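For reference, the structure discussed in these notes is given below.
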Amino acid sequence: MKIKSYKKLKNNTYKITFFDNESSLSLYDDIILKYDLLLKKEITDKELEEIERENNKLACFYVALKYISFKNRSKEEIRKYLKQQKYNEKEIEQAIQSLERQKLINDHEYLKMYIHDQFLLTKNGPKKIEYKLIQLGFKEEEIKEELNTISKDEWKKRLQEVITKKIKTYKKESSAKIKEKILYTFLNEGYQKEDIVEILETHELPNNLTALKKEAEKLYQKYCRKYEDSSLWYQIKGRLLNKGFTSLEIDNVLEGIKKSSER
């Protein structure tokens, strides 16, 4: 195929146009230099096939390089991303090997830093971190080994901090409801049930009666013009039961509100 012209493009690429049907090809300058294309006037079909193959390998590497420039990535993340970009397995593995040779990626260091950052910067527990890392291509044994560099006492101290902070966000619920929500939340965050329960037992939760009175009065003001008599108290009690207060507690507080409203 006879080469008609060269045109410099962005991102270190050239557009080569051929006389044959005005077809064109974009190649990286590394490929241009490797095959002396600026000096050649013609290339064979076999040479063109090899050039395209080499250019695809280089393109795959540069796409991977750009992908890791935004944040650290595991090898599995890079593989999945390059597959989405339609590169074949050989091109992908060669790109990953080049990144490793140049010390641009390191799965062991990535694993250490990921766990370190998750422990310090998030409320995620060991099980959730392990799950996330398995999705990133790491093996269970290597994850557990690195997680175990953080002692159980440190994990419990971290759990104590995040539970204390979370409890402060609950203003209207009963103690029972708060415990239920805390347990559900931190089981989902990857902590052990026994650790959550143990820490909850050390906390003085908001006073049930104070929260109940405040919420009951608020509901009374909200519904007193909409409902009357037994319908009014039924609506209020139903909502208070949903918040975890006991029937006996509710009845006692509502009795007080009834007497006040009758004066």
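Of Glu215, Glu146, which residue is in contact (Cβ under 8 Å) with a residue 40 or more places away in the chain, in contact with a Lys or Arg (Cβ under 7 Å, 6 or more places away or on another chain) and either closer than 30 Å to Leu133 by Cα or not in a loop (DSSP other than H, G, I, E, B) (or both)? Walk me through it before giving the result.
Working: Glu146 fails: in contact (Cβ under 8 Å) with a residue 40 or more places away in the chain.
Glu215 is the lone residue from the list that is in contact (Cβ under 8 Å) with a residue 40 or more places away in the chain, in contact with a Lys or Arg (Cβ under 7 Å, 6 or more places away or on another chain) and either closer than 30 Å to Leu133 by Cα or not in a loop (DSSP other than H, G, I, E, B) (or both).
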Output for segment 235-263, where each listed residue is assigned to a loop (DSSP other than H, G, I, E, B) and surrounded by 11 or more Cβ atoms within 10 Å (Cβ to Cβ):
Lys243, Gly244, Phe245, Thr246
Exactly one of these conditions fails for Ile163: (1) assigned by TED's automatic domain parsing to the domain that holds Ser26; (2) at pLDDT below 95; (3) touching a Phe, Trp or Tyr at 6+ places or on another chain (Cβ under 9 Å). Give me its number.
(1)
List every residue pair whose Cβ atoms sit under 8 Å apart, with the two residues 6 or more apart in sequence or on different chains, where the first one lies in segment 162-179 and is over 12 Å from Lys243 (Cα atoms) and the second, anywhere, is in a helix (DSSP H, G or I) and not hydrophobic (A, V, I, L, M, F, W, C).
Lys166/Thr185
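Just checking, which of Lys75, Lys90 is in the same structural domain as Asp36 (by TED's automatic domain parsing), more than 16 Å from the chain's Cα centre (by Cα) and touching a residue at least 40 places away in the same chain (Cβ under 8 Å)?
Checking each option against the conditions leaves just Lys75.
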Selection over segment 16-71 where residues are of a type outside the set (Ser, Thr, Tyr), surrounded by 14 or more Cβ atoms within 10 Å (Cβ to Cβ) and under 36 Å from the mean Cα position of the chain (by Cα) yields a count of 12
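Of the residues Leu159, Leu104, which single one is in contact (Cβ under 8 Å) with a residue 24 or more places away in the chain, hydrophobic (A, V, I, L, M, F, W, C) and part of a helix (DSSP H, G or I)?
On the way: Leu104 fails: part of a helix (DSSP H, G or I).
Leu159 is the lone residue from the list that is in contact (Cβ under 8 Å) with a residue 24 or more places away in the chain, hydrophobic (A, V, I, L, M, F, W, C) and part of a helix (DSSP H, G or I).
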Among the candidates Leu187, Leu120, which residue alone is hydrophobic (A, V, I, L, M, F, W, C), out of contact with any helix residue (DSSP H, G or I) (no Cβ under 8 Å at 6 or more places or on another chain), part of a helix (DSSP H, G or I) and not assigned by TED's automatic domain parsing to the domain that holds Ser247?
Leu120
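Can you spot a residue in segment 170-189 that is charged (D, E, K, R) and either under 19 Å from Lys75 (Cα atoms) or modelled with pLDDT of 95 or more (or both)? Don't jump to the end; show me each part of the working.
Narrowing segment 170-189 to residues charged (D, E, K, R): 171-173, 177, 179-181, 189.
Then keep just the ones that are either under 19 Å from Lys75 (Cα atoms) or modelled with pLDDT of 95 or more (or both); that gives 189.
Yes, that holds for at least one residue.
Yes/no matrix, rows are residues, columns are (1) within 14 Å of Ala211 (Cα to Cα); (2) of a type in the set (A, V, I, L, M, F, W, C); (3) assigned by TED's automatic domain parsing to the domain that holds Ser174:
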position: Cys224; (1), (2), (3): no, yes, no
position: Tyr234; (1), (2), (3): no, no, no
position: Gly238; (1), (2), (3): no, no, no
position: Phe245; (1), (2), (3): yes, yes, no
Those residues of segment 113-130 that are more than 15 Å from Lys144 (Cβ to Cβ) and buried (at least 18 other Cβ atoms within 10 Å of the Cβ) come to a total of 2
Asp195, sole failed condition from (1) of a type in the set (Asp, Glu); (2) in a helix (DSSP H, G or I); (3) exposed (fewer than 15 other Cβ atoms within 10 Å of the Cβ)
(3)
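The values are calculated or read from the model by the stated rules, or taken from the named source; none is laboratory data. Note that this is a predicted model, so its numbers are computed, not measured. Methodologically, a virtual Cβ is constructed for each residue, glycine included, from the backbone with ideal geometry; neighbour enumeration extends over all protein chains shown.
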